[in-house]
Structures are given as C-alpha cells and as structure tokens.
Amino acid sequence: GENVEQHPSTLSVQEGDSAVIKCTYSDSASNYFPWYKQELGKRPQLIIDIRSNVGEKKDQRIAVTLNKTAKHFSLHITETQPEDSAVYFCAARATGGGADGLTFGKGTHLIIQP
Amino acid sequence: GAGVSQSPSNKVTEKGKDVELRCDPISGHTALYWYRQSLGQGLEFLIYFQGNSAPDKSGLPSDRFSAERTGGSVSTLTIQRTQQEDSAVYLCASSLNLAGEQYFGPGTRLTVT
C-alpha cells in the first residue's frame, strides 16, 4: 500500500517569512495529492491539491509542487501570517481502478512567530 | 450548502459497550470515507463507500468495527465491545465522486473508559 512521509514534524518561522513542508510517497499509481490544514479541535480543511498531470499549482500565498519522478511534493506558504499557525497534513491517493482512501503524512505543526 | 455533519460530537462509553457513530455527507456526494485520528497522530483511513457499496473493508482495525451506508446517503460506523485503544476522533469525509476532493465533517470524539 501507499506510504507517505512528511517533514518536518514542527516548523517555526518568523511572521512574513516563507514556510516549506515536504512529503514523499511510495506508490507510483498515486495521482492525487491534497493538503489539509487542521486548527486545534477543528476538522481538517482542504487548502490546495494537485493532480499528477501538472507540476505546480498556486492559490494566492499557497503553492504546491509535484515531482512525479522523485515521488516528492511540497507545500509552500509565502508571507506567513499568524493565522497560518496550524497542523498541516499532506496526503496521496490513486483515484483510478482500485481507488482507496487518502493516505496521510504524520503532519507538520507550523508555528508563526510574531 | 450544508457541509458534512457527524453525530454525536462527543461520546463517552464504558469498555465493552457498543457504539454507533453517524455521518451525513454533503448532498449529492456519492463517495463517503471514514478515518480515525488518535491523539497527536495523523489520520488513518478505515473504509470508503461508493454509493452503498464498500469494496474493501481491510482498513478496518478489527472485526469489532463495521460500517454501512443505506440510500446512498447517511453512513454509520459501529464499534462493538469497545476497548480503550478505540479512543480517538472518528472523522467522516465525502466527495462528489471517487476522484473528487474530500471534505471532512467535524468528527466524533470517542472516549472509552
């Protein structure tokens, strides 16, 4: 089955700086890679996703890159703000035949220092 | 429109009792997923439904866990003879179809004493 590794487990950055979270996956059949943000005591919220037919996707201050050859994908947050503080989870999934649920990384606790 | 809803929001039960957790997906979403999140852990996939059918039940932690979905909408996750290690937040998600984005409900926090 799929295995997703996520690093770092904790990331502290100064407000206004950029943050990068990296994930690797093992199953070459995976073709869908979402990122979720989870604030304390709340549900995971989808913030951005990428499918395997593109290499990069941007939405305002958030971008995701995908390297299918290396089986790496990363989340980039620019101009970080206090409200970006949360736990971020990457995930991977094959949406074709034999589709299954999302396999999640262990999460990154992002701390924005004022 | 309304998002995914789950009930109850919190459940405290004694070891050995059965519990039933409910999920109401977003209207029109054909796919429904159950996950478990233990304290300080990531999310663990349990089972998914396409319509009323669950093609693969191998993600369920033990045979004490079962799930069903009727009418292509509401789903229930049942845990029989609960154990302390079953304590976790049980999250449900739904998507328009199997290839679509998954949207999560608020979860049910289960505590087994």
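The values are calculated or read from the model by the stated rules, or taken from the named source; none is laboratory data. Everything numeric here is computed off the predicted structure, so don't read it as measured data. Cβ: placed from backbone, ideal geometry, glycine included. Neighbour counts: every protein chain shown. Accessible surface is based on the protein model in full, side chains and every heavy atom, while ligands, DNA and RNA are left aside. Shrake-Rupley method; radii C 1.70, N 1.55, O 1.52, S 1.80 Å.
I'd like the interface area for chains B and A: accessible area of each alone minus the complex, both sides summed, 1.4 Å probe, protein heavy atoms only. What is it in Å² to the nearest 100? Working shown, then result.
On the way: alone 6020 and 6550 Å², together 10960 Å².
Summing both sides, the interface buries roughly 1600 Å².
If you put +1 on each Lys and Arg Cβ and -1 on each Asp and Glu Cβ, how big is the dipole of region B:1-93 around its Cα centre, in Debye rounded to 20? Don't skip to the answer; put the middle values down first.
Numbers: 9 positive and 10 negative charges, 18 e Å.
Here the size comes out at about 80 debye.
Would you mind giving the three semi-axes, in whole Å and largest first, of the ellipsoid equivalent to region A:1-105 according to its Cα gyration tensor?
24, 15, 12
In nm, to one decimal, how far is the residue A:10 label point from the residue A:109 one, both placed 7 Å along Cα→Cβ?
0.5 nm
What is the sum of charges, Lys and Arg at +1 and Asp and Glu at -1, for the other residues whose Cβ falls under 13 Å from the Cβ of residue B:89?
Numbers: positive: A:42, A:43, B:11, B:36, B:109; negative: B:44, B:86.
Summing Lys/Arg as +1 and Asp/Glu as -1 gives +3.
Under a straight-distance cross-link criterion of Cα-Cα below 22 Å, which lysines are reachable from residue A:68, leaving out those fewer than 8 residues away in the same chain?
Leaving aside lysines fewer than 8 places away in the same chain, those within reach of residue A:68 are A:22, A:57, A:58, A:106.
List every residue whose amide H lies under 5 Å from the amide H of residue B:47, counting only residues 5 or more places away in sequence or on a different chain, with H placed 1.01 Å from N in the peptide plane.
B:34
If you put +1 on each Lys and Arg Cβ and -1 on each Asp and Glu Cβ, how big is the dipole of the protein assembly as shown around its Cα centre, in Debye rounded to 20? If you can, show how the numbers build up before the last one.
Details: 22 positive and 24 negative charges, 50 e Å.
Roughly 240 debye for the protein assembly as shown.
Of B:83, B:6, B:23, which is farthest on the positive side of the dipole of chain B, counting Cα position, with +1 on Lys and Arg Cβ, -1 on Asp and Glu Cβ, and the Cα centre as origin?
B:83
Select from A:41, A:101, A:16 the residue whose mean-square fluctuation is largest in a Gaussian network model of chain A (Cα-Cα springs shorter than 10 Å).
A:41
Per residue, how large is the accessible surface of region A:1-95? Use a 1.4 angstrom probe and give square angstrom. Before the final figure, lay out the partial values.
Numbers: 4870 Å² over 95 residues.
About 51 Å² of surface per residue is accessible.
For the protein assembly as shown, place one equal point scatterer on every Cα, skip the solvent, and apply the Debye formula. What is log10 of I(q)/I(0) at q = 0.14 Å⁻¹?
-0.88
Once you have all Cα-Cα distances for region B:68-113, histogram them in 5 Å bins from zero and send the whole-percent values.
Taking all Cα pairs of region B:68-113, the binned fractions are 5, 17, 21, 23, 16, 11, 6, 1 percent.
Please pull out the direction-averaged projected area of chain B, using the convex hull of its alpha-carbon atoms, in nm² to one decimal place. It would help to have the intermediate numbers written out before the result.
Details: hull surface 26.3 nm².
If I average the Cα hull's projected area over directions, I get 6.6 nm².
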